[in-house]
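Worksheet: the structure to be examined is printed underneath.
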Amino acid sequence: MTNHGGPPRERRRHPRALTDLRGTINVRGASYAARIINLSMGGALLDLGGASLAAPLDKGQLVSLEIRTRGREHPLAADARVVLWNTAVADNPLLAVQFEPMPDEATEVLEDMMSEAVTELRRRAFLARARTDSD
């Protein structure tokens, strides 16, 4: 079905949650700190903080990602493919990755992370409404 003149259609298969998680992306033996801006069961959007990569990342390239969260002893480890560079902010592009299939245990950890992120979003929205209502 063609979208004639309207806003671009959303093609994502999984809902996304805004996060402020920390992680590490591993590319060709080099590691880079990353902030996970949003997360879904299918992938993530990463802020690499303007890191200078040793080599460019190409669409489809395999990378590994570790996502750390409060209260978990071990990070979630996942392989992912580069989907695109979001260059809306030229000096700090964001990297979108799509997860490769994961073992059941890792999928469960990711589901827990998503649940925690959605709960946190709801909490923040509630607090923001409460502040607005009290003003």
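Laboratory data are not the source of any read-out in this text; all were calculated from the coordinates shown. This is a predicted model, so every value here is computed, not measured. Don't worry about glycine lacking a Cβ; one is built from the backbone with ideal geometry, like all the others, and counts go over all protein chains shown.
For the reader, a short list of remarks on this structure follows.
- Distance between the modelled labels on Ala33 and Ala88, one decimal in nanometres: 2.4 nm (7 Å Cα→Cβ projection).
- Placed amide H near Leu84: partners under 5 Å, 5+ positions off or other chain: Ala96
- Under 5 Å between amide hydrogens, built in the peptide plane, is the criterion, and for Leu21 it picks out Ile36 among residues at least 5 positions away or on other chains.
- Within the chain, longest stretch free of exposed trypsin sites (Lys or Arg not before Pro) [DSSP loop, at most 13 other beta carbons within 10 Å]: 73-135
- Each principal axis of the chain carries a Cα extent, and these read 52, 48, 32 Å when sorted largest first.
- Value at 222 nm in deg cm²/dmol, rounded to 500, when DSSP H runs of n ≥ 4 in the chain each add -39,500 (n - 2.57): -8500 deg cm²/dmol
- Arg131 paired with Glu105, simple spin-label distance in nm, labels 7 Å along Cα-to-beta-carbon: 4.1 nm
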